[in-house]
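Okay, structure first, notes after.
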Amino acid sequence: MNRVETFATLPMWVGFVVFVLIVLAVDLYALGGRRAHRVSSREALCWVFAWMTLATLFGGLMWWWLDATLGRAVAHQKVLEFYTGYLIELSLSVDNMFVFSLIFTYFAVPMELQRRVLLYGVLGAIVMRVSMILAGVWLLSKFQWLFYVLGAFLIFTGLKMLFTAGRQPDIARNPLVKFLRSTMRITKDYHGQSFFVRIDGLRYATPMFVVLLVIEATDVVFAVDSIPAIFAVTTDPFIVFTSNIFAIMGLRALYFLLADMVARFHYLKYGLASVLVIIGAKMLAEQWVHVPVHWSLGVVGVILLASVGASWVLPARAAEHAPRSKAGKSRSGGLP
């Protein structure tokens, strides 16, 4: 059974958090993150390339430091764990794009406002994932039998995803949406980028606020799957944290790059479900069968490439593209 320990020092943790905050500040204040505008494919591609480059450089910097302090064998092992974890987290986070697209369509969120929603969604996701990772690390350090529970949970989640891959969630029946509609004053239309407005002396939430909360709740659901998955690769909390953050930070740009092609990846969910089942089985069998990290990286990569390739080559079943609801058709935007 893997032990929960890390090579990272306190300055490394603080340095990485400061780095993330600086990048977010640059995006928010220097690159127009606070200004509503439609994200072009070129802008999204630049950000995707930037985050993937930063993740690659981070892994290289980690290898250089570990090679000089703990030896080459440890450097190879930890960097492989980071890249494998990053690939797993990024691929599982891609599943968020399908739900993001449904949420934005249902609430008819204008393209120029989607960037602001996802920016604040990323900030909330970072806080929530840090809390979940720290809680998971503490629990696994106290109760190592939880590895088997997480493994069984991932297998269950993967099988469930396989059987429901062709279905779309009904946003109108989402418990959070129903709760907010019944307990808050919500405007019918959007008011620019504002989350709250005053009308006749009363404070109203705008659909922007509802969308943000639904996005945050969605990330919590996906984090419950993705965070246990990386524990099958590494129990080092620093690698779990950094790989998660790089995946989350790159997801927003990846969404805008692939937003118009989300429906095209109709077999990707089957690939992601298979990854969850395999990772869960790896966790359950870890005590008897040790699977090298580079094998895990190769298997995940092959499955994802195969599912993406199948999506491009094979036509989707008609039922998967059939509209589930007439919601989100309003040209003016706002709550249906």
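The values are calculated or read from the model by the stated rules, or taken from the named source; none is laboratory data. Quantities reported herein were computed from a predicted structural model and do not represent experimental measurements. Ideal geometry is used to build each Cβ from the backbone, glycine not excepted, and the neighbour counts take in all protein chains shown. Side chains included, ligands, DNA and RNA excluded: accessible areas come from the protein's heavy atoms. Shrake-Rupley method; radii C 1.70, N 1.55, O 1.52, S 1.80 Å.
Couple of notes before you dig in:
- Residue among Val233, Val240 that alone is open to solvent by less than 30 Å² (accessible area, probe 1.4 Å), within 28 Å of Val17 (Cα to Cα), touching a Ser or Thr at 6+ places or on another chain (Cβ under 7 Å) and in a helix (DSSP H, G or I): Val240
- Val74 touching a helix residue (DSSP H, G or I) at 6+ places or on another chain (Cβ under 7 Å), under 25 Å from Thr6 (Cα atoms) and surrounded by fewer than 15 Cβ atoms within 10 Å (Cβ to Cβ): yes
This table checks each residue for (1) open to solvent by 30 Å² or more (accessible area, probe 1.4 Å); (2) touching a Lys or Arg at 6+ places or on another chain (Cβ under 7 Å); (3) of a type in the set (Lys, Arg); (4) more than 17 Å from Glu216 (Cβ to Cβ).
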| position | (1), (2), (3), (4) |
| --- | --- |
| Met62 | no, yes, no, yes |
| Leu66 | no, yes, no, yes |
| Leu70 | yes, no, no, yes |
| Val79 | no, no, no, yes |
| Thr84 | no, no, no, yes |
| Leu90 | no, no, no, yes |
| Arg115 | no, no, yes, no |
| Ala125 | no, no, no, no |
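- Among residues of the stretch 56-98 being under 13 Å from the mean Cα position of the chain (by Cα) and among the acidic types (Asp, Glu), the one that is modelled with the highest pLDDT is Glu89.
- Residue check: Leu212 meets all listed conditions (1) outside any helix (DSSP H, G or I); (2) farther than 30 Å from Trp288 by Cβ but one, namely (1).
- Residue that is least open to solvent (accessible area, probe 1.4 Å), among those in the stretch 168-187 that are at pLDDT 85 or above and part of a loop (DSSP other than H, G, I, E, B): Thr187
Rundown of residues vs (1) in contact (Cβ under 8 Å) with a residue 60 or more places away in the chain; (2) under 23 Å from Arg173 (Cβ atoms); (3) open to solvent by less than 20 Å² (accessible area, probe 1.4 Å), yes/no style:
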{"position": "His191", "(1), (2), (3)": "no, no, no"}
{"position": "Phe196", "(1), (2), (3)": "no, no, no"}
{"position": "Ala205", "(1), (2), (3)": "no, yes, yes"}
{"position": "Val214", "(1), (2), (3)": "yes, yes, yes"}
{"position": "Ala229", "(1), (2), (3)": "yes, no, yes"}
{"position": "Tyr255", "(1), (2), (3)": "yes, no, yes"}
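- Screening Met111 with (1) exposed (fewer than 15 other Cβ atoms within 10 Å of the Cβ); (2) over 24 Å from Glu43 (Cβ atoms); (3) modelled with pLDDT of 80 or more gives one miss only, at (2).
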